[in-house]
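The values are calculated or read from the model by the stated rules, or taken from the named source; none is laboratory data. Keep in mind the model is a prediction, meaning the values are calculated, not measured. Cβ sites come from the backbone with ideal geometry, for glycine too, and all protein chains shown count toward neighbours.
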Amino acid sequence: MSKNTLILIIVIPLLFLQALWIFMDAKKRGEKYYWVWGIFGLLNIPTSLIIYLFVTRYGYLKCPNCGKTVRNDYKFCPYCGTSLKKTCPKCGAEIKDDWKYCPECSTKLK
């Protein structure tokens, strides 16, 4: 068995496995063109996977209530309506967990 044949026996199944995983993950995440991501996964190892992970994971978070993936600029989950951002009870400004006072209206938070 030649060296080229051995490489093909290893690389081709890895390409198909990578493409299948990318296809299934993109479909599960609700990507509009999930099938294009699957085809993209056939191009090379591991660059396609790295690009897919970088592009699809940037700017998204999981809803703490339903677990669905939503964009990180959403204030409410479009699937279950859960608030994704903490807000000041008085003025509604977005606040961080460790803040003791609202930066907009100085309401005591804790």
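If you go through the range 12-28 and pick out every residue that is out of contact with any helix residue (DSSP H, G or I) (no Cβ under 6 Å at 6 or more places or on another chain) and closer than 17 Å to Val70 by Cα, you end up with 2. Specify the residue that is nearest to the chain's Cα centre (by Cα); the eligible residues are those in the range 60-71 that are in a loop (DSSP other than H, G, I, E, B) and surrounded by 11 or more Cβ atoms within 10 Å (Cβ to Cβ). Here the answer is Lys68.
Going through (1) surrounded by fewer than 13 Cβ atoms within 10 Å (Cβ to Cβ); (2) in contact (Cβ under 8 Å) with a residue 24 or more places away in the chain; (3) not small (Gly, Ala, Ser) one by one, Lys110 falls short only on (2).
Scanning the range 63-76 for residues that are without any contact (Cβ under 8 Å) to a residue 12 or more places away in the chain and touching a Gly at 6+ places or on another chain (Cβ under 7 Å) yields a count of 0.
Tell me the residue from Ser48, Ser106 that is at pLDDT 90 or above, at positive phi and polar (S, T, N, Q), please.
On the way: Ser48 fails: at positive phi.
Being at pLDDT 90 or above, at positive phi and polar (S, T, N, Q) holds for just one of Ser48, Ser106, which is Ser106.
What do you reckon, is Thr87 of a type in the set (S, T, N, Q), within 30 Å of Lys27 (Cβ to Cβ) and in contact with a strand residue (DSSP E or B) (Cβ under 7 Å, 6 or more places away or on another chain)? Taking the combined requirement at face value, the residue does not satisfy it. Would you confirm, using the coordinates I've provided, whether Tyr79 is surrounded by 13 or more Cβ atoms within 10 Å (Cβ to Cβ), aromatic (Phe, Trp, Tyr) and either closer than 30 Å to Ile7 by Cα or in contact with a Gly (Cβ under 7 Å, 6 or more places away or on another chain) (or both)? In short, no. When each of Ile12, Ile7 is tested for being among the β-branched types (Val, Ile, Thr) and at pLDDT below 90, the lone residue that passes is Ile7.
For the range 84-107, filtered to residues that are surrounded by 13 or more Cβ atoms within 10 Å (Cβ to Cβ) and assigned to a strand (DSSP E or B), the residue that is farthest from the chain's Cα centre (by Cα) is Tyr101. Within the range 6-45, the set of residues being exposed (fewer than 12 other Cβ atoms within 10 Å of the Cβ) and either of a type in the set (Ser, Thr, Tyr) or not in a helix (DSSP H, G or I) (or both) comprises Gly30, Lys32, Tyr33. When we screen Ile39, Ile95, Ile9, Ile50 for residues that are free of Cβ contacts under 8 Å to residues at least 24 places away in the same chain and touching a helix residue (DSSP H, G or I) at 6+ places or on another chain (Cβ under 8 Å), the only hit is Ile39.
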